[in-house]
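The values are calculated or read from the model by the stated rules, or taken from the named source; none is laboratory data. On a predicted model such as this, the values are computed, not experimentally measured, just so you know. FYI the Cβ positions are ideal-geometry reconstructions off the backbone, even for glycines, and counts take in every protein chain you see. All accessible areas refer to the heavy atoms of the entire protein, side chains included, with ligands and DNA or RNA removed. Shrake-Rupley method; radii C 1.70, N 1.55, O 1.52, S 1.80 Å.
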Amino acid sequence: SYPGLWLKINRPSAVIAEFENESGTKEQFQLFGLEARVFQHEMDHMQGKDFRAHVSKLKLNMAEKRIRKQKKKLDRIEKS
């Protein structure tokens, strides 16, 4: 969604997911490590959030500024 924009997002390394199965019975499962991160990432999408909701405005602005700087530098190199 945001080419070149990479920020470290702190997320729990383990999660317990609770859900209702097709018969309405509550179930839960645990996820750890990468699976837990991916699950949280996808849950954010399902709730209409993206990674910008997890970082401060200052951190986001600094990252966007860094990308603009890198792009300007690349444009100058390509024109040379």
> If we keep just the residues of the stretch 26-46 that are more than 11 Å from ALA14 (Cβ to Cβ) and among the hydrophobic types (A, V, I, L, M, F, W, C), which is most open to solvent (accessible area, probe 1.4 Å)?
Replying inline: MET46
>> Pairs needed: first member in the stretch 18-43, within 24 Å of HIS54 (Cα to Cα); second member anywhere, open to solvent by 100 Å² or more (accessible area, probe 1.4 Å); C-beta distance under 6 Å; at least 6 residues apart or different chains.
In response: GLU18/GLN28; GLN30/ILE16
>> Need the failing condition index for GLU22 against (1) within 30 Å of ARG66 (Cβ to Cβ); (2) in a loop (DSSP other than H, G, I, E, B); (3) over 11 Å from the mean Cα position of the chain (by Cα), just the number.
In response: (1)
>> Could you list, ordered by first residue, the pairs with Cβ atoms under 6 Å in which the first is in the stretch 48-70 and part of a helix (DSSP H, G or I) and the second is β-branched (Val, Ile, Thr), at least 6 apart or interchain?
In response: PHE51/ILE9; HIS54/ILE9
